[in-house]
Amino acid sequence: MKTVILDRDGVINKNPPNNSYVCNWKDFAFLHNSQKAIKKLTDYGYDIFIATNQAGIGRGLFSQKQLAEIHRQMLIEIEKTGGQIKKIYFCPHHPKENCVCRKPKPGMLMRASHEYNFNISETFFIGDSISDIQAAHTAGASPILVLTGHGYNAYQHYMNPNLTEKSHKPDRIFTNLYTASHWILNR
C-alpha cells in the first residue's frame, strides 16, 4: 500500500495570520498547487491521510462540529480537482492535556497505520513543523519538511550547527507539497 500522511495547516492550507486558527470555512485558503499535489498522488495510487493538531477545540475557540464542516468543505474542493483523502485524523486536545495523539507524539500516525493496515515504515509524512518531523520519526515514517506554513522556521532550526537532536531531522526538505509530491512520484 502506497501511503502519504499530510499535516493540514501550513501544508494543504495557509496558516491564518498572527498564529490564530482556522475556525470556520471562510478562514480556510488552499496553498498554491496543494490540490494539484493531492490529485497527482491520488492518480498514482497513493492512499492519503491527514493528521492535524487542532488545539483550537481544546482552547474553546471552535467546536468539533465546526471542524467537521471545515473538513467537509475541504474534501469537497479536493475531490472536485480529482484528489482523494482516505481519512482525516485530528487531535482536539489542549497542549497541556498531554494526550497520546497530539504531535509530536505519534498517536494519529499509528492509529491510521493500525486502522488501515499499512506499513508506517514505508509511509511518507509531510509536515511544516518540528513536531511533525518528530512525530514521523517516532512513528517510523519518513519525515518530509515543506517550507510553507511554519516550515521556514523549522528549516532554520534544523540548520543550526549546534543542534544536538540529529536523529529528528527531516529526510528531505521541499519548497511545498507540490514539489514534495513530485519527488515522491519520481524517485
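Just so you know, all these numbers are worked out from the coordinates, no wet-lab data involved. This is a predicted model, so every value here is computed, not measured. Here the Cβ positions follow ideal geometry from the backbone for every residue, glycine too, while neighbour counts run over all protein chains shown.
Brief remarks follow.
- Kirkwood-Stokes translational diffusion coefficient of the range 110-173, alpha-carbon pairs, 37 °C, 0.692 mPa s, µm²/s: 273 µm²/s
- In this structure, the amide hydrogen of ARG172, modeled 1.01 Å from its nitrogen in the peptide plane, lies closer than 5 angstrom to those of LEU145, counting only residues at least 5 positions away or on a different chain.
- Taking the Cα centre of the chain as origin and assigning +1 to Lys and Arg Cβ atoms and -1 to Asp and Glu Cβ atoms, the resulting dipole is close to 80 debye.
- Taking the chain as a whole, the Cys residues whose C-beta sits 4.7 Å or farther from every other Cys C-beta are CYS23, CYS99.
- Estimated Rh, the chain: Kirkwood, alpha-carbon pairs, angstrom: 16.4 Å
- Candidates THR81, THR42, THR148, ranked by Gaussian network fluctuation over the chain, Cα under 10 Å, top entry: THR81
- Cross-link pairs beyond the 26 Å C-alpha cut-off, checked among LYS2/LYS105; LYS39/LYS105; LYS2/LYS65; LYS36/LYS65; LYS2/LYS39: LYS39/LYS105; LYS2/LYS65; LYS36/LYS65
- A cut-off of 5 Å between modelled amide H atoms, ignoring neighbours fewer than 5 places along the same chain, links ASP47 with LYS2, THR3, VAL4.
- Contact order relative to length of the chain, as percent, for alpha carbon pairs under 8 angstrom and 6 or more apart: 24 percent
- The fraction of Cα-Cα pairs per 10 angstrom bin, counted from 0 for the range 14-97, comes to 17, 47, 29, 7 percent, rounded to whole percents.
- Between LYS103, LYS169, LYS26, the GNM of the chain built on Cα springs shorter than 10 angstrom shows LYS26 fluctuating the most.
- Integer Hz, Karplus 6.51/-1.76/1.60 couplings in order for the range 87-98, x for Gly and Pro: 6, 10, 10, 9, 9, x, 7, 5, x, 6, 6, 6
- Segment ASP43-LEU185, extension gain: residue separation times 0.36 nm, minus the distance between their alpha carbons: 50.1 nm
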